[in-house]
Amino acid sequence: MSISSTLDRLHFKAKQNKFLQYFAVFNRLALAAGFLPSGFVKIMDERFTSLSVNHPMGHYLEALHRTGYYYTFIGILQVTAAILLVIPRTATLGALIYFPIILNICILSLALRFEGSFVSSPLMVLANLYLLCWDYDKLKYILPFYKQKT
Amino acid sequence: MKTLFSISITLLILTCSCEIMPRNTLKDCRAQCKGSTKSKACLEFCDCIHKRGSLLINAWKNTTRLWRIVQEKIDHKKSFPIMESFLLRFNRFNYSKYSFILSKKPFSLRFGFGSKFLDARKSSRAFFSSALKC
């Protein structure tokens with residue numbers, strides 16, 4: 001049995017599970033709730049935390065805050081991803097936009113040992129991966145092992 | 001299921017692997033050093049981050065170097081307990097006091113102690129000087 005057909009079978013089985021369906025909805029809402037406030041803070045061009053500039057994360061956030069509209073752009077992208085995640089029709093697109101942002105935040109937190117998101121950001125990455133797997137039927141066409149059935 | 005399990009374990013190891021965290025404030029950072037055998041190096045790490053604004057990588061390198069020196073000191077104490085207690089009468093990890101003693105003529109040269117005594121002096125000096133390199 002090929003990888004593609006195994007994944008198809010697993011995905012179909014998971015989609016039937018009521019608990020996993022609710023869990024997917026919960027993940028979507030929770031991830032959206034995580035990005036909305038932080039996105040709005042960036043759009044309003046306010047400094048993200050009150051961390052001192054001496055702190056490793058403080059260095060980064062201070063520099064990011066001084067990048068002009070790049071800071072605002074990240075905020076807009078965060079809010080967009082959050083809104084798209086809430087709407088069921090666009091949840092896949094939202095998860096796709098969300099993923100690089102949260103992966104970046106996760107690696108940043110681990111690299112700088114930032115306590116604020118040291119546990120939450122890896123969990124958010126996992127939740128986002130779950131949503132991407134949930135929409136496997138829409139994303140499988142871009143995977144290298146996908147074989148078209150004739 | 002296995003993949004999910006391995007991802008979770010990897011994340012758990014990653015999140016638990018950091019022995020010292022910079023924390024958000026100097027007070028919080030220092031609080032994690034209490035009761036640790038490596039507290040001197042830990043406090044130095046906090047100062048590097050919060051007072052001197054060092055890069056995390058530099059502060060960490062400095063801390064591991066200090067840990068190594070402290071470990072060498074502990075090992076030395078185990079192998080030469082009498083000599084170490086003699087040394088600690090003047091030292092007791094108070095390097096500001098010890099620097100005064102360091103400026104004097106070495107005891108080892110005066111009384112002809114072995115090279116191990118010199119090693120201990122060297123490691124204390126290394127600690128004292130490397131504590132400022134972050």
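What shape does the range A:3-142 take by its C-alpha gyration tensor, where a ≥ b ≥ c are the square roots of the eigenvalues and a/c under 1.5 counts as rounded, a/b above b/c as prolate, and the rest as oblate? Note, shape of the range A:3-142 comes out prolate.
Based on the reciprocal of the average 1/r between different C-alpha atoms, the Kirkwood radius for the range A:64-135 equals 12.9 Å. Per residue of chain A, the DSSP helices (runs of n ≥ 4 H) give a summed -39500 (n - 2.57) that works out to -24000 deg cm²/dmol at 222 nm.
Report, in order of residue number, the helices in chain A meeting two criteria: a C-alpha extent of 27 Å or more along the helix axis, and a mean Kyte-Doolittle hydropathy of at least -0.5; treat each whole DSSP H run as one helix.
Working: long enough: A:18-43 (37 Å, 0.98); A:91-112 (31 Å, 2.17).
Going by DSSP H runs, the hits are A:18-43, A:91-112.
Between residue B:74 and residue A:53, the simple label model (points 7 Å from Cα in the Cβ direction) yields a spacing of 3.9 nm.
State to the nearest 20 debye the size of the charge dipole of chain A about its Cα centre, where the only charges are +1 on K and R beta carbons and -1 on D and E beta carbons. Kindly include the intermediate steps, with their values, before the conclusion.
Values: 14 positive and 7 negative charges, 140 e Å.
With only Lys, Arg, Asp and Glu charged at Cβ, the dipole is about 680 debye.
Shown for A:22, A:71: other C-beta atoms within 10 Å of each C-beta, ranked fewest to most, produce the order A:22, A:71.
Tally Lys and Arg at +1 and Asp and Glu at -1 over the other residues with C-beta under 13 Å from the C-beta of residue B:61: what net charge comes out?
On the way: positive: B:65, B:68, B:133; negative: B:44.
Once all neighbours under 13 Å are counted, the net charge is +2.
Could you list A:26, A:99 in order of exposure, starting from the residue whose Cβ has the fewest other Cβ atoms within 10 Å? Let's see the in-between values first.
Details: A:26 11, A:99 17.
Least to most surrounded, the residues fall as A:26, A:99.
Read the figures in this text as sums done on the coordinates, not as results from a lab. Here the structure is a predicted model, which is why all the values come from computation and not from measurement. All Cβ positions, even for glycine, are placed from backbone atoms using ideal geometry, and neighbour counts span all protein chains on display.
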